[in-house]
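Remarks on the structure that follows.
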Amino acid sequence: MFWPGVKPWKKDCWLAPPSAESWQPLLPCSNHLCESNSVTHNPVKGVKRPVVESQQGKTPALGDAQARALLNAPDASKLKGKRDRAILSILLYHGLRREELTKLKVKDYCQTRRGVAHLRVHGKGGKMRFVPTHPGTLTLIEEYLEAAGHGQDPDAPLFRPIKNNVNGHTYTALTPGNVYEQVVLKYLKKLGIFGENMGPHVMRATAATNALDNGADIAKVQEWLGHANIATTRIYDHRKTRPEDSPTFKVSY
């Protein structure tokens, strides 16, 4: 008797015994045959099923109230606060990677396409994409540039240090590390938002999750985020696992 997917032993040829993984497809079939008395014993009895990992990403997304609080956390009366508000707005409304944000130049923030302002994003592998700029973000960027004074230099980095004790000038762009440590992490701590895996990717996870929760097409979100594979985008699709839909909140005594 031959089992589907399992190669028979060849005469005069020693083969390594099949691995536990190779028996996995046979589990449902063998159980059915035993129950119907079609076979005398179950040849895959004792084989354990593989552990199926959750398809949810390890990086958590912020809740809507947390995201709003984060956007309002920087002091808008100061230059650093104006810059940080613009940075947080780009991250939360456009889902850019930190590296992509630090590559933005002044000329990239308001690329008009079909009458709508777009961010020109330089992504992974040299790929360029255009992302419509949220009106609120556009306002915050313009307020920051007016205060910083480099809005008339199209080739200047869009986001620069407020002060630079290393080089003595602020003409260079912020680094991805600066964005996380001096902006994202600083205001998360200020608001008392902590948690395991609350890393630099939390802003991108929040933007993608929120877009999907509010009805954005997953294929468009894939393009928006610059994902090469839609499977990566699906990690952020928590529509079937929203905490507020949990049976926990349906229990009533």
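Each value in this text was obtained by applying a stated rule to the coordinates, not by laboratory testing. Please read all numbers here as calculations on a predicted model, not as lab measurements. Positions of Cβ are backbone-derived with ideal geometry, glycine not excepted, and every protein chain shown enters the neighbour counts.
Of note:
- Among the residues of this structure, ALA205 counts as one that is closer than 21 Å to GLU99 by Cβ and small (Gly, Ala, Ser).
- Residues that are surrounded by fewer than 16 Cβ atoms within 10 Å (Cβ to Cβ) and assigned to a helix (DSSP H, G or I), drawn from segment 67-80: ARG68, ASN72, LEU79
- Any pair with Cβ under 9 angstrom, 6 or more apart, that starts in segment 212-233 at a residue that is over 14 Å from ARG129 (Cβ atoms) and ends at one that is in a loop (DSSP other than H, G, I, E, B) and of a type in the set (Lys, Arg): LEU212/ARG239; ASP213/ARG239; ASP213/ARG242
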